[in-house]
Structure formats: C-alpha cells, structure tokens
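Structure, as structure tokens:
The values are calculated or read from the model by the stated rules, or taken from the named source; none is laboratory data. All values derive from a computational prediction rather than experimental measurement. Because the Cβ atoms are built from the backbone with ideal geometry, glycine has one as well, and the counts that use them run over all protein chains shown. Side chains are part of the model used for accessible areas, which takes the heavy atoms of the whole protein and leaves out ligands, DNA and RNA. Shrake-Rupley method; radii C 1.70, N 1.55, O 1.52, S 1.80 Å.
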Amino acid sequence: MSSPDPTAAISLWRDQRFRRFWAGQSASQLGDRITELALPLIAISTLNASANQVAWLTALIWTPNLLAIFLGAWVDHRAHKRRLMVLADLVRAAVLLSVPAAYLLGAVTLGQLYAVALLMGAAGVLFNTAYPPFFVRLVPQASYVDANSKLSASRSASHVAGPAIGGALVQVLTAPVTIVVDALTFLVSALLVGRVPLDESPAASGDAAATSLLRRAREGMSFVVRHPVLRASLGCAATVNFFTFVAGSGLIVLFANRSLGLSAGAIGLAFGLGATGSLLGAVSAPRISRRFGVGRSIVVGAVLFPAPIAIAAAAGGPLWLRAGALAAAQFLSGFGVMMFDVNLNSLQASVIPDGMRSRVAGAYSTINYGIRPVGAIVGGLLATFVGLRTTLLIAAVGGALSLLWLLPSPIPRIRSLAANSTADTPVDADDEIHPVSR
C-alpha cells in the first residue's frame with residue numbers, strides 16, 4: 001500500500017489503518033498509567049523500599065534515553081520500522097510478566113524491579129525512535145495535527161482514568177497481578193501495529209549502510225543543531241523539561257501537603273482536574289492551530305505549560321482557595337503542554353527528511369529527555385536550600401523563559417503545515433521551511 005498523499009487531509013475516523021494504530025496506543029497508554037502506580041507499590045509494600053530506592057525506579061526508566069542518539073542512528077538503517085515497534089511492545093510485555101511470575105514464586109527483588117525499569121525504558125526508546133518514519137507513512141502531512149491531537153487525547157484520557165482504574169485493580173488483585181493488565185495492553189498494541197499495512201522505505205545500502213554508527217549519530221545531532229526549527233524547538237523543549245522537572249510532581253505533592261495543608265483526596269482531585277485540562281488541550285489543538293497558526297500555538301503552549309506552577313506556589317488563604325489554586329495550576333499546565341506537544345510534534349514531522357527521522361528522534365531524545373533527571377536533582381537541592389515555594393517559583397519563571405528560544409526562530413511565523421503555506425510572511429533564505437516530500 002502506498003503512502004498517503006501528503007498534500008491532502010483525510011478523515012482519520014474513516015482510516016482503518018490509523019484507527020487500528022490509535023486503538024493500540026490508547027490501550028498501551030492506559031496500561032502505562034496502571035503500572036506507574038503498581039510498580040512503586042510493589043517496591044514499597046513487598047520490599048519495604050525507601051523513598052530514594054523508589055525514586056531510582058523512575059530514574060532508570062529515563063536512563064536509556066541517554067543512548068537514544070545511537071539507537072536512533074541504528075534504527076534509521078533498518079528497513080522495517082513497524083517490526084521494531086512490534087518487537088519493542090513484545091519485549092515490554094515479557095519484561096512486565098516477569099514481575100508477577102517472580103512474585104508468585106516468592107522471588108521478586110528490588111534488583112529485578114530495577115532491571116524491569118531499565119529494560120522498559122530501553123524498549124520504549126526503540127519504539128519511539130522507530131515511530132517517526134512509521135507515523136509519516138501512516139498519516140498525510142495535512143493531517144499531522146489532527147493525528148497528534150487524537151493520540152495525545154488518548155494519553156490525556158489515560159491520565160484521567162488510569163490512576164483510578166489502577167488503584168481499584170491493585171486493591172482487588174494486588175499490585176503484582178495488576179501489572180499483568182499492562183503486559184496485555186502491550187500485546188494488544190503489538191497485534192494491532194503488526195496488522196497495519198504499510199509501504200516502508202527500503203533499507204539503506206552501499207556506502208550509506210557502511211557508515212559507522214558513531215558517524216550516523218553525529219549526523220543526526222548535526223542536523224538538529226543546524227536546522228533553525230529543530231534547534232529552536234529542542235532548546236525550548238529541553239528548557240521546559242528541565243524546569244518542570246525542577247518542580248516535579250513529587251515536589252508539588254509535597255508542597256501541597258505540607259505548605260498548603262491539603263489532604264491526599266484534595267491533591268488527587270486537583271491532579272485529576274489537571275488531566276482534564278490536558279484532554280481539553282489535546283482535543284482543541286487542531287482548531288486553535290487553524291485559527292491562530294501552528295507556530296503561535298507552540299509559543300503559547302511553551303509559556304502556558306510551566307507558568308501556572310506559580311499559581312500553586314503563590315496560593316494562600318482559606319482551604320478552598322488553596323485547593324482551587326492547585327487545581328487551576330494543574331488544569332492550565334495540562335492544557336498548555338498539549339498545545340505545545342501536539343503542534344510541535346506535527347511541525348517536526350513535516351521538516352525532517354525520511355532518511356534522518358529515527359536518528360534525529362534519537363538525538364532529540366538524548367537531550368530533551370536526558371535533561372529530566374538533572375532537573376529533578378536540581379529541584380531537590382533547591383528545595384533543601386531555598387524552600388519549596390521558592391523552588392516552584394523558579395521553575396515557573398525559568399520554564400516560561402523557554403520562549404526566548406522560539407522568538408528569534410522561524411517557528412512563530414509558521415501558519416500551517418500544508419504545502420506552500422508554511423508561513424504568514426516570507427522568511428530569510430537561511431530559515432526557509434519547506435514541506436518534506438515523502
């Protein structure tokens with residue numbers, strides 16, 4: 001089956017191939033939210049893990065992103081990206097199933113949970129670096145924003161429903177058995193992705209295939225640094241990620257409990273409202289980007305994602321006002337991150353050439369996701385020495401300043417991703433953006 005016409009939008013609701021992939025990703029996202037609750041609970045309840053040991057579970061999931069630049073360079077020279085995505089799903093299912101198996105045998109250990117976190121992270125990097133070339137073969141360019149909106153809406157919905165479902169399953173089935181549910185969602189994803197008919201690019205051959213992995217990785221990073229859109233977007237995204245991880249959900253929960261005096265129920269409700277903001281942002285992103293432009297939507301999202309942290313940090317007064325401030329901050333931040341992600345992911349897909357997609361994704365992830373643990377460490381240090389409220393204000397201001405990466409770039413002038421309609425006004429020759437032919 002040939003690739004879709006990049007100049008023509010399609011109804012994704014009627015596209016069986018996209019619906020199949022979307023269903024698999026929706027199931028997988030829901031499973032992820034369940035495991036995010038169940039895996040730490042196993043460490044805490046079964047192994048009496050300390051706070052630091054639990055924190056390492058999260059850190060190890062992100063650690064493989066530091067090698068994403070090399071994995072992306074390797075993936076770019078593989079012909080069948082869909083097979084790699086299926087393999088990643090199967091690996092994650094098998095790794096997760098090892099936990100309840102060990103639990104039933106009374107052999108689960110903290111070391112095993114660390115290995116599970118690391119392997120889950122590595123398989124996730126494999127899936128994410130194989131995904132960009134798969135996506136552009138699946139969706140026509142004119143439908144990028146619509147497709148990313150639908151995929152992001154599923155992710156947001158999983159944040160609304162996942163914790164509640166996960167909590168109920170843990171209570172009824174216990175945490176180790178609940179992880180079986182997530183493993184099954186990866187099997188569903190593997191089945192559905194594997195059944196998507198797709199005409200994939202041929203494998204690289206000759207001198208290109210013989211190029212060393214290090215050189216291909218360097219080419220991916222060089223492409224990002226030289227490209228005006230990717231350079232600015234990476235600088236912005238990495239800055240936002242650093243400062244939002246300085247605040248971190250853990251520090252926000254700690255601040256809400258100790259400084260704002262909110263109960264666990266009130267905090268959970270506030271975070272639930274925040275997830276509805278994400279869902280609304282994901283659904284609204286296509287309409288807003290058509291009205292105001294893709295580039296301007298990215299700019300607004302870059303500020304609206306981190307800035308509301310200041311609302312929570314400045315909260316005071318009666319209990320209802322403190323709880324309302326936290327809920328408002330979470331809602332606005334959730335809306336902002338979807339405006340940022342949906343439009344930026346779509347823009348990046350439109351400017352990266354086919355032969356560079358996976359290695360560029362790897363280079364991008366190495367910096368963009370590799371900065372997150374650094375931000376978390378800095379946030380812990382700041383909270384220790386200057387206090388929680390000041391740390392959150394620093395995170396809000398620092399994150400909003402990510403806007404400075406975007407303003408001198410071509411991004412604010414980009415109106416849409418349609419062919420011959422990428423900017424409101426002509427841009428400098430060095431900054432000209434052309435739709436990518438697939």
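Taking each residue as 0.36 nm, the span from Ala94 to Ser263 lengthens on full extension beyond its C-alpha to C-alpha distance by 57.1 nm.
Nearest 500 deg cm²/dmol is fine: what mean residue ellipticity at 222 nm does the chain get from its DSSP H runs of n ≥ 4 alone, each adding -39,500 (n - 2.57), divided by its residue count?
-25000 deg cm²/dmol
When the chain is treated as a GNM with alpha-carbon contacts under 10 Å, the residue of Gly301, Gly281, Gly261 showing the greatest mean-square fluctuation is Gly261.
Expressed in whole Å with the largest first, what are the equivalent ellipsoid semi-axes of the range 8-167 derived from the C-alpha gyration tensor as the square root of 5 times each eigenvalue? All intermediate terms of the calculation are to be shown ahead of the outcome.
On the way: eigenvalues 199, 72, 34 Å².
Those come to 32, 19, 13 Å.
Net charge around Arg155, counting only other residues with Cβ within less than 13 Å of its Cβ (Lys, Arg = +1; Asp, Glu = -1)? Net of charged neighbours comes to -1. Quick check: Cα centre of the range 219-284 to Cα centre of the range 378-398, how many Å? Taking the Cα centre of the range 378-398 as reference, the centre of the range 219-284 is 15 Å away.
By average Cβ neighbour count within 10 Å, what is the ranking of 328-341, 33-46, 373-386 from highest down?
On the way: 328-341: 24.9, 33-46: 20.7, 373-386: 16.6.
By packing density, highest mean first, the sequence is 328-341, 33-46, 373-386.
Counting 0.36 nm for each residue step from Gln171 to Arg195 and taking away their Cα separation leaves a gain of 5.1 nm.
Rounded, prolate or oblate: pick one for the chain, where a ≥ b ≥ c are the square roots of the eigenvalues of its C-alpha gyration tensor, a/c under 1.5 means rounded, and failing that, prolate if a/b is larger than b/c, else oblate. The shape class here is oblate. Compute the distance from the alpha-carbon center of the range 296-323 to that of the range 56-96, in whole Å. Centre-to-centre (Cα) distance: 34 Å.
State in Å² the accessible area per residue of the chain; use a 1.4 Å probe, count heavy atoms of protein chains only, and round to the nearest integer.
On the way: 18800 Å² over 438 residues.
Per residue, the chain has an accessible area of 43 Å².
The apolar share of the surface of the chain, taken as the fraction of accessible area on carbon and sulfur atoms (1.4 Å probe, ligands and nucleic acids excluded), comes to 66 percent.
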